[in-house]
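What follows is a structure written as structure tokens; I'll ask about it next.
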Amino acid sequence: MDHLISKTGIEMDVPGIRRVPTRAPLRWLALGWQDLRTAPLASLSYGLVFVVLGYLVIWATWESPKLVMSFLGGFLLVAPFLAIAFYAISRQIENRQRPSLRDALLSWRGNGLAIALFALVLGLVLIAWIRFATLLTALSYYAAQPSLTELLRQLLMTAEGLPFLGLFLLIGGLLAVLVYMGSVVALPLMIDRPVDPVTAVISSGRAVLRNLPAMILWAALIAALTLAGMAFFMIGLAITWPWIGHASWHAYRELVAE
């Protein structure tokens, strides 16, 4: 354990953070793929939930392509919480237990209050993002309800569209960075140990800052696999997100000391 002194003078015990080589995320992916192969039924079944949720988001906002972008972006912001079952399945495999999706979905109960508070924060971030995106699109010059094809044309092929798209991606990117720093090992840590959400978020941020090259690579790999999964009508998410979830457990194991 490391001892941190807050600005108020309160001493906090937080888990120690290890340094890992820059190429460590490639090892995490290899270990995550092994877990996916060990528990394919549980992993892929829950992975399909992400696909269904993605389709539901698109269906609910189909008549307003602007909202499709907003809700899909928000959906990705809360993905670390939704991936709890993958962390728990990897933990079961590590402990030589039979992988069970039911038990994995109930794994949050071991540290329920902390995880619920963390989920509440992610929910507030999601609401803030959706409100911002809605406001930004309402203030834009676009027609009230352009088709998806027309919206893409306006965004990518007009002088007014590119600044709008740039601001949209900038704010979304900043939120994604904050969520990534605060959650990359926070939820696996709370699943594994009885720590509070503040300690988990601090540990997650320290893990990123202490291993910046490796964590930048890990963020890039997560983004690439997510985009690859979405490229084939989102069906690929049934494989790529379980893979990322299992790999995230191994990232936590290597980054956070006992």
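Look at G229 and say whether it is at pLDDT below 95 and either outside any helix (DSSP H, G or I) or within 27 Å of N111 (Cβ to Cβ) (or both).
no
Scanning for something modelled with pLDDT of 90 or more and open to solvent by less than 10 Å² (accessible area, probe 1.4 Å), does region 40-57 turn up at least one residue?
There is at least one residue in region 40-57 that is modelled with pLDDT of 90 or more and open to solvent by less than 10 Å² (accessible area, probe 1.4 Å).
Could you list, ordered by first residue, the pairs with Cβ atoms under 9 Å in which the first is in region 212-235 and without any contact (Cβ under 8 Å) to a residue 24 or more places away in the chain and within 16 Å of V52 (Cα to Cα) and the second is assigned to a helix (DSSP H, G or I) and open to solvent by 70 Å² or more (accessible area, probe 1.4 Å), at least 6 apart or interchain?
Pairs found: G229/I239; F233/Y55.
If you take the residues in region 180-212 that are outside any helix (DSSP H, G or I) and closer than 19 Å to L120 by Cα, which one is nearest to the chain's Cα centre (by Cα)? Don't jump to the end; show me each part of the working.
First, pick out the residues of region 180-212 that are outside any helix (DSSP H, G or I): 184-185, 193-196, 211.
Narrowing further to those that are closer than 19 Å to L120 by Cα: 184-185, 194-196.
Working: V184: 7, V185: 10, P194: 21, V195: 20, D196: 19 Å.
The residue in question is V184.
The values are calculated or read from the model by the stated rules, or taken from the named source; none is laboratory data. Treat the numbers as computed from the prediction; the structure is a model and nothing was measured. Cβ sites come from the backbone with ideal geometry, for glycine too, and all protein chains shown count toward neighbours. Side chains are part of the model used for accessible areas, which takes the heavy atoms of the whole protein and leaves out ligands, DNA and RNA. Shrake-Rupley method; radii C 1.70, N 1.55, O 1.52, S 1.80 Å.
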